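A short write-up of the structure that comes next.
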Amino acid sequence: MNPMSTDSLLQALHWRYATKKFDPARKIPAATWQTLESALVLSPSSVGLQPWKFLIITDPAMKARLVPAAWNQSQVADCSHFVVFAVRQNLGADHVDRHIARMAEVRGVTAESLDRFRQMITGNLEKARAEQRLDTWQTHQVYIALGQFMASAAVLGVDTCPMEGFEPEKFDAILGLKGTDCASVVACAAGYRAADDKYATAKKVRFKPDDVIVRI
């Protein structure tokens with residue numbers, strides 16, 4: 001693998017901003033989007049459990065239905081692809097078994113050889129459940145995927161806007177998640193900035209490195 005240059009990475013991160021106004025006429029090319037979907041799939045998670053679903057909405061009618069539940073924010077309708085990040089709640093042995101089976105398939109080993117790993121995962125889940133923090137733990141994983149998605153998009157020159165400003169219960173009802181083991185957590189609009197989005201040229205404001213980085 002040829003690593004990206006440090007300058008290129010920093011340029012992409014400086015270029016990225018929470019896009020407030022998308023150009024509805026510009027769509028993300030299929031090959032670029034496929035790469036971003038792969039970035040989602042490749043997102044890291046605690047013990048690899050991948051406690052999520054990524055709902056990709058491109059249908060204009062569906063995006064229009066979501067707008068009122070997102071406080072009428074225009075990004076939902078105007079972006080090329082709208083991604084809703086949903087957490088799988090109340091994880092149990094069935095999800096662990098799926099993970100173990102997939103691991104055995106990909107790595108060419110038997111599921112039985114992974115039994116100690118399976119027991120460790122199950123034990124951690126049950127401990128978290130008993131302490132009433134299981135869903136909170138898994139919800140935190142979703143934000144790892146969001147971060148990877150946004151960084152990947154920036155490297156590819158795709159604009160994004162992360163959004164917690166929506167009513168999760170209404171999103172769940174509209175997207176068919178109600179009554180399932182998945183629930184909306186956060187969303188991200190992706191596409192290309194409008195030429196007249198005033199925030200595109202605003203200087204990025206961050207604390208100085210010494211205010212947030214502690215070198216030990």
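The values are calculated or read from the model by the stated rules, or taken from the named source; none is laboratory data. The structure displayed is predicted, hence computed values, not measured ones. Cβ sites come from the backbone with ideal geometry, for glycine too, and all protein chains shown count toward neighbours.
Right, residue 55: part of a helix (DSSP H, G or I) and either closer than 27 Å to residue 169 by Cα or touching an Asp or Glu at 6+ places or on another chain (Cβ under 6 Å) (or both) or not?
In short, no.
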(message) Cβ-Cβ distance below 6 Å, separation of 6 or more or different chains: which pairs start in segment 175-200 with a residue that is of a type in the set (D, E, K, R) and end on one that is part of a loop (DSSP other than H, G, I, E, B)?
(response) 181/89; 193/19; 197/20; 197/21
(request) Output the number of the condition that residue 124 fails; it satisfies all remaining conditions of (1) on the phi > 0 side of the Ramachandran plot; (2) touching a residue at least 12 places away in the same chain (Cβ under 8 Å). (result) (1)
(message) Return the residues of segment 102-131 that are within 24 Å of the chain's Cα centre (by Cα) and among the polar types (S, T, N, Q); say none if nothing qualifies.
(response) 124
(message) Going residue by residue through segment 15-28, is there one that turns out to be farther than 26 Å from residue 198 by Cβ, modelled with pLDDT of 95 or more and touching a helix residue (DSSP H, G or I) at 6+ places or on another chain (Cβ under 8 Å)?
(response) no
(request) Collect the residues in segment 87-108 that are in contact with a strand residue (DSSP E or B) (Cβ under 7 Å, 6 or more places away or on another chain) and part of a loop (DSSP other than H, G, I, E, B), keeping them in residue-number order. (result) 89
